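As structure tokens, the structure follows; a few thoughts come after it.
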Ligand SMILES: [Zn+2]
Ligand SMILES: [Zn+2]
């Protein structure tokens, strides 16, 4: 098969022929029809993820068709249309037993712990736990956007953020996951404030349901702007970018007893990020992490997509062949995703 391969961190990836993957006994091989490009792929390429072993094939936001099935798999057969959360769970650890597969103790992640989906085929383990059926009427492009950013945003806003109708939700950083969060929060009946440095990103945020926008290029204190626009602060606020500045602004933009949800990854040389803890105590704020979404919790998300309440396909701004993936990957480091690029390995 053809795949995007890098031999060293930060070195330009090559598109070349590699051996086809074989399914594990409990796994499947999926023919990749579409796979989203994400800032996490860029972090992996840069060497920020300790799980990545070289040489490596990135890619974790995939949808496609089951090609081959391991002997122990009972729920899936060749020809099934599927997607998968980027956290693939073991199914047997205490977290999995509690239904929290998104924080599985023995998780695998395509494109991080093993070769991913910037390839014509990808192997996925524990298929009966991890695969999600893609409805016939949903395109692979749309489905590819669910596995990481959209499901991540759904868990952050709905499951972890517990955002409800009438509440204010602030979204700091309107790349792929941020715009997904805007759309999901608006569809949940919340009022949304979007914050970004890019006027184009804010235009998209408005289109996807944000009622207020803060242009961070021309606003010295974005947290104060959010507090002013929301009559005292957001009930729920997401750092969807992942920087010390957006993290602090998200916390500082909350009202009393507000919930900060950290979604954007925060790599730092020391491994820690300063968080303003004084307001966390004084205002009884909650600081909550969000990490993917368990496969068994996808049905409410799929229902909202099926009904048209959520339109993840609107986030997809371009579709490119495998040969264009290295350049698009490199571009993720400069502009963290204005809309979503989908790679189609067979086009
Ligand atoms: Zn991703
Ligand atoms: Zn587990």
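Every read-out reported here was derived from the displayed coordinates using simple, explicitly stated rules and does not represent laboratory data. Every value quoted in this text rests on a predicted model; they were computed, and no experiment measured them. Heads up, the Cβs are rebuilt from the backbone with ideal geometry, glycines too, and the neighbour counts pull from every protein chain shown.
What residue among 92, 272, 35 has the largest mean-square fluctuation in a Gaussian network model of the chain, using Cα springs under 10 Å?
272
Neighbour counts of other C-beta atoms within 10 Å: give me 273, 74 arranged from fewest to most. Write down the numbers at each step before the final one.
On the way: 273 15, 74 9.
Fewest-to-most ranking of 273, 74: 74, 273.
What is the fewest-to-most order of 76, 168 by other Cβ atoms lying within 10 Å of their Cβ?
Values: 76 19, 168 27.
Exposure proxy ranking, most exposed first: 76, 168.
What distance in nm separates the two pseudo spin-label positions at residue 307 and residue 22, each 7 Å out from Cα along the beta-carbon direction?
Spacing of the two 7 Å Cα→Cβ label points: 4.7 nm.
Where does the chain land at 222 nm, in deg cm²/dmol rounded to the nearest 500, when only DSSP H runs of n ≥ 4 count, each adding -39500 (n - 2.57), divided by all residues?
On the way: 12 runs with 85 residues, N = 347.
Calculated from helices alone, the mean residue ellipticity at 222 nm is -6000 deg cm²/dmol.
With the chain treated as a Gaussian network of Cα nodes joined by springs under 10 Å, which of 260, 60, 114 yields the largest mean-square fluctuation?
The residue that fluctuates most here is 114.
Using the alpha-carbon centroid of each, what span in Å lies between the range 216-247 and the range 294-347?
26
May I ask you to sort 320, 184 by Cβ crowding, counting other Cβ atoms within 10 Å and putting the fewest first?
320, 184
What nm value, rounded to one decimal, do you get for the distance between residue 245 and residue 220 when each label is placed 7 Å out toward the C-beta?
Distance between label points: 1.5 nm.
Measure out, as a whole number of angstrom, how far apart the alpha-carbon centroids of the range 100-137 and the range 34-65 sit.
With the range 100-137 and the range 34-65 each reduced to a Cα centre, they are spaced 12 Å.
What is the antiparallel percent of DSSP beta bridges lying wholly in the chain, to the nearest 5? Write down the numbers at each step before the final one.
On the way: 26 of 54 bridges.
Restricted to the chain, the bridges split so that about 50 percent are antiparallel.
Roughly what would the spin-label model give for residue 77 and residue 284, points 7 Å off Cα along C-beta, in nm?
A separation of 5.6 nm, rounded to one decimal place.
How high is the relative contact order of the chain, in percent, with contacts defined as C-alpha pairs under 8 Å that are six or more residues apart?
Numbers: 885 pairs, mean separation 65.7, N = 347.
Here the relative contact order equals 19 percent.
Looking at the chain as a GNM with Cα springs under 10 Å, which of 237, 117, 139 has the largest mean-square fluctuation?
139
Note down the relative contact order for the range 162-289 as a percent, whole number, built from C-alpha pairs under 8 angstrom at least six residues apart.
Reported as a whole number, the value is 22 percent.
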